[in-house]
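J.: This is the structure I want to talk about, given as structure tokens.
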Amino acid sequence: MEKEQTEIDILSLSCDELTREILAMGEKTFRAKQIYEWLHVKKISDFSQMSNISVQLRERLSKKFCIKSLKIKKRLVSDLDNTVKYLYGLPDGQAVETVLMEYKHGNSLCISTQVGCKMGCRFCASAIAGFVRNLEPSEMLLQIYETERDSGRQVDSIVLMGIGEPLDNFDNVMKFLSLLNSGGEGMSLRHISLSTCGIVERIYELAELRTGLTLSVSLHAATDEKRSAIMPVNRRYGLEELMTACREYFAKTGRRISFEYSLIEGVNDTEQSARELIELLGGMNCHVNLIPINEIRERDYKKSRYVESFRRRLTSAGINATVRRTLGADINAACGQLRRDEASDR
């Protein structure tokens, strides 16, 4: 029998919120801490697994709360580098993508923060199937918990760079980060990277919070004309406004910003584009992450042949620039493609 919608999503509750709910049930504070540990340290998926909680209390919990779960709809494993791409089914029938990547420093997980995306970037598959809704904190956490359960691999760092714009789902993302960072075994937010198209007012809010995470800004062009053509968000937040916010973020947090720059042949990979980028970023303490674009069938954008020469041009001007390592090339590990294909098959 399916759970009613009125049941409380227990995985989205902070420890304080859970404590208040448990006290309201007539239980002691220590019970809330036990339950919280079962959920977020031992990462159980059913109340029946809480072995140090009485059967009676477990039954009461199951009536008041629900423990959400994700269903693996598709799993692709790369033969090249052990990258694993998941298409996770959500409780309401929607789907999101999650990618597990293996690096020398550990396992990194790229998670989604929304079902679809409103930003409409021309080179991205995530927006093609349309925006549906924000993800709850529990649904972001479960991408980690389910991936660890299925893969048997510990997730060491998180990248909020999957489907969706994290700062467009600001409150839920901040609560997710708080849950992730809570408790003695919580993940340090210095192991988190958040990627944004540039929601300026939210960048200022994030700066005030001083979370310690790494902010990655999807730049992709260094003039308003070029950026607006490929990233509609630039028509609302122009480059001058965005760069002012980025400088303020560094001033408040001391955390260097990473600028993502997907190279598209004939669009933003020319010598002139390099000069424009050097002029825009001159004097900033930043890093440029050059990305060989993932070609998608709905667009005629082509992967640049000049990635390395573009990188050399930046570094010769004193700008720290690297080329992102391509992972999961044999399984199309770029965001949005599995969800788009799944939606079109309905």
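J.: So between Asp156 and Glu208, what do we pick up on full extension, going 0.36 nm a residue minus the alpha carbon distance?
T.: Contour length minus the Cα-Cα distance gives 16.1 nm.
J.: Report, in debye and to the nearest 20, how large the dipole of the range 21-85 comes out about its Cα centre when Lys and Arg carry +1 and Asp and Glu carry -1 on their Cβ.
T.: For the range 21-85, the charge dipole is close to 220 debye.
J.: Let me ask you something else. Sort His40, His287, His105 so that the residue with the fewest other Cβ atoms within 10 Å of its own Cβ comes first and the one with the most comes last.
T.: Fewest-to-most ranking of His40, His287, His105: His105, His287, His40.
J.: Moving on. Quick one: compute the contact order of the chain, relative version, from alpha carbon pairs under 8 angstrom and 6+ residues apart, as a percent.
T.: The value is 15 percent.
J.: Here is a follow-up. Could you name the aspartates and glutamates in cross-link range of Lys175, using Cα to Cα under 16 Å and dropping any fewer than eight places away on the same chain?
T.: Asp9, Asp16, Glu17, Glu136, Glu139, Glu165, Glu205, Glu208
J.: Further, regarding this structure: Would you calculate the separation in nanometres between label points at Lys73 and Arg235, each defined as 7 Å from the Cα along the Cα-to-beta-carbon direction?
T.: The answer from the label model is 3.0 nm.
J.: Neighbour counts of other C-beta atoms within 10 Å: give me Val217, Val96 arranged from fewest to most. Show your work: numbers first, answer last.
T.: Details: Val217 23, Val96 30.
Ordered by Cβ neighbours within 10 Å, fewest first: Val217, Val96.
J.: Taking the alpha-carbon distance from Lys64 and a cut-off under 18 Å, which lysines remain once sequence neighbours fewer than 8 residues away in the same chain are dropped?
T.: Partners found: Lys3, Lys28, Lys33.
J.: If amide hydrogens are placed 1.01 Å from N in the peptide plane, which non-local residues have theirs closer than 5 Å to the one on Lys74?
T.: For Lys74, the qualifying residues are Leu87.
J.: Give me the extension gain from Ala317 to Gln56: residue separation times 0.36 nm, minus the current Cα-Cα distance, reported in nm with one decimal.
T.: 87.2 nm
J.: Enumerate the lysines that Lys74 could reach by cross-link, defined here as Cα to Cα under 23 Å, with residues fewer than 8 away along the same chain left out.
T.: Cross-link targets: Lys43, Lys85.
J.: Students often check this: by mean Cβ neighbours within 10 Å, which of 311-320, 266-275, 118-127 ranks highest, and how do the rest follow? Spell out each step's value before the answer.
T.: Working: 311-320: 15.4, 266-275: 17.8, 118-127: 20.2.
Result, highest mean Cβ count within 10 Å first: 118-127, 266-275, 311-320.
J.: Using a Förster distance of 25 Å, how high is the FRET efficiency between Lys252 and Ser228, based on the Cβ-Cβ distance and rounded to 0.05?
T.: The computed FRET efficiency comes out at 0.35.
J.: By count of other Cβ within 10 Å, fewest leading, how are Leu280, Leu263 ordered?
T.: By the 10 Å Cβ count, ascending, the order reads Leu280, Leu263.
J.: Counting DSSP beta bridges with both partners in the chain, what percentage is antiparallel, nearest 5?
T.: 45
J.: With the Cα gyration tensor of the range 8-66 giving a ≥ b ≥ c as the square roots of its eigenvalues, does the rule (a/c under 1.5 for rounded; else a/b larger than b/c for prolate; else oblate) give rounded, prolate or oblate?
T.: Rounded, since a/c falls under 1.5.
J.: To continue, here is another question. Let me spell out the model: positive unit charges on the Cβ of Lys and Arg, negative unit charges on the Cβ of Asp and Glu, origin at the Cα centre of the chain. What dipole size does that give, in debye rounded to 20?
T.: Magnitude of the dipole: close to 420 debye.
Just so you know, all these numbers are worked out from the coordinates, no wet-lab data involved. As the structure is a prediction and not an experimental result, all values here were calculated from the model. All Cβ positions, glycine included, derive from the backbone under ideal geometry; neighbour counts span all protein chains shown.
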